[in-house]
1. List pairs: first residue in the stretch 169-193 and closer than 20 Å to Asp135 by Cβ, second residue modelled with pLDDT under 95 and acidic (Asp, Glu) anywhere in the structure, Cβ distance under 7 angstrom, at least six positions apart or on different chains.
2. Could you check, for the stretch 15-35, whether at least one of its residues is modelled with pLDDT of 50 or more and closer than 26 Å to His159 by Cβ?
3. Mind counting the residues in the stretch 142-155 that are in a strand (DSSP E or B) and among the charged types (D, E, K, R)?
4. Out of the residues in the stretch 156-193 meeting the condition of being among the charged types (D, E, K, R) and in a strand (DSSP E or B), tell me which one is nearest to Arg55 (Cα to Cα).
5. Tell me whether the stretch 139-146 contains one or more residues that are within 20 Å of Phe38 (Cβ to Cβ), crowded, with 18+ Cβ neighbours inside 10 Å, touching a helix residue (DSSP H, G or I) at 6+ places or on another chain (Cβ under 9 Å) and not aromatic (Phe, Trp, Tyr).
6. Here are Ala118, Ala152: which of them is small (Gly, Ala, Ser) and surrounded by 15 or more Cβ atoms within 10 Å (Cβ to Cβ)?
7. Just to be sure I understand, how many residues within the stretch 96-115 are open to solvent by less than 40 Å² (accessible area, probe 1.4 Å) and either modelled with pLDDT under 95 or not in a strand (DSSP E or B) (or both)?
8. Going through the stretch 166-182 one residue at a time, which ones are open to solvent by 30 Å² or more (accessible area, probe 1.4 Å), at pLDDT 95 or above and polar (S, T, N, Q)?
Amino acid sequence: MRIDFGRVALRLLGIASVAVVVGMPTMAGSATAGEQIFDELRFGVSTSVQSGHSREDGVFPEITALFDPFGYDTAVGWQQQLLHPRVHLGTSIGTSGEASQFFTGFTWTVDFNEKLFAEAGFGGVIHTGDLEGDDDGPELGCRVLFHEYLGAGYRFNAHWNVMAQIAHSSHANLCDGPNDGMTRAGLQIGYKF
């Protein structure tokens, strides 16, 4: 039995999108209840950590929005934090002719103390990179890929934080074509509302 990667990835993207919409307060409710649409906004930059022909040139400015439809902010202790993921939605903009990405999925954040935290994310990505070709840069095989990341961060105060992150996108050999993947590492500055 062959798995249709495109359908699996699109369903994953759909589930994350529905979670965002269901979890967002309406604009009228937000005005009266004092709630924000975003739980956190992050801005950063990354670069490719791959070598050889699959290395991407340039830097990749990134913007990520995190939403809290499952009550992460009310979770106490790391066990509850793992049971209440946030939803992320973001983009990584290709420079030097490399791939741009639009990604979404779930984010699990665990606090070690008031200052230090770790994070993992899993979801899907749609990209503008090469599927197959002779050019430099990764050959990705499919337009829709899995997207996962790991990060470690430091909170300056209740609102501002910085996080080092490594992210990988590939199709895990679930569709035809090459699977060089994209692996990028970078820093993000976050503002939690």
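The values are calculated or read from the model by the stated rules, or taken from the named source; none is laboratory data. The structure displayed is predicted, hence computed values, not measured ones. A quick note on method: Cβ atoms are made from the backbone with ideal geometry, for glycine too, and the neighbour counts reach across all protein chains shown. Surface areas here come from the heavy atoms of the whole protein model, side chains and all, with no ligands, DNA or RNA. Shrake-Rupley method; radii C 1.70, N 1.55, O 1.52, S 1.80 Å.
1. Filtered contacts from the stretch 169-193: Gly177/Glu132; Pro178/Glu132; Pro178/Glu139; Asp180/Glu139; Met182/Glu56.
2. yes
3. Residues in the stretch 142-155 being in a strand (DSSP E or B) and among the charged types (D, E, K, R): 2 in total.
4. Arg184
5. There is no residue in the stretch 139-146 that is within 20 Å of Phe38 (Cβ to Cβ), crowded, with 18+ Cβ neighbours inside 10 Å, touching a helix residue (DSSP H, G or I) at 6+ places or on another chain (Cβ under 9 Å) and not aromatic (Phe, Trp, Tyr).
6. The unique qualifying residue is Ala118.
7. Of the residues in that region, 3 qualify.
8. none
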